[in-house]
Amino acid sequence: MTQTQTLARMKKPFGTAKMVDLTAVRYLAWKDAFEVDFKDGLTFLEPHATIRKANKISPKADVERVEMDEEFHEGFFVHYDNGQRAEVSWAFIRELPPRKQK
């Protein structure tokens, strides 16, 4: 079991996770993923594809820069070379996605 699989099991069901401040975020181009560090010591590796899909980002857009929410430490922003911007909250990283209604 890889570290990413282990951390994925630590995600909580939607709506049940406790808020934890982010301490750092980095884009790892060689993995096409974001490494997100939290104040409680956990680090999650979030695939770029999930962030693109959730924010409807063009597949041709390249990451220009990553900016953490400096005031509240509740999430981060990904700025792309085509002017698009993805907003990622702490809950997106720490919680499992909500189940679809039948």
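Structural remarks
For every residue, the table says whether it meets (1) in contact with a Leu (Cβ under 9 Å, 6 or more places away or on another chain); (2) among the aliphatic types (A, V, I, L, M).
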| position | (1), (2) |
| --- | --- |
| 15 | no, no |
| 24 | no, yes |
| 34 | yes, no |
| 53 | no, no |
| 61 | no, yes |
| 65 | no, no |
| 88 | no, yes |
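- Subset of the range 66-93 [without any contact (Cβ under 8 Å) to a residue 24 or more places away in the chain and among the polar types (S, T, N, Q)]: 89
- Residues satisfying the stated conditions in the range 38-63, i.e. surrounded by 15 or more Cβ atoms within 10 Å (Cβ to Cβ) and of a type in the set (Asp, Glu): 46
Listed here are the residues, each with its yes/no results for (1) more than 15 Å from residue 24 (Cβ to Cβ); (2) touching a residue at least 40 places away in the same chain (Cβ under 8 Å).
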{"residue": "41", "(1), (2)": "no, no"}
{"residue": "48", "(1), (2)": "yes, no"}
{"residue": "54", "(1), (2)": "yes, no"}
{"residue": "64", "(1), (2)": "yes, no"}
{"residue": "95", "(1), (2)": "yes, yes"}
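Coordinate-derived values only; no laboratory data. Note that this is a predicted model, so its numbers are computed, not measured. Here the Cβ is made from the backbone with ideal geometry for all residues, glycine too, and neighbour counts use every protein chain on show.
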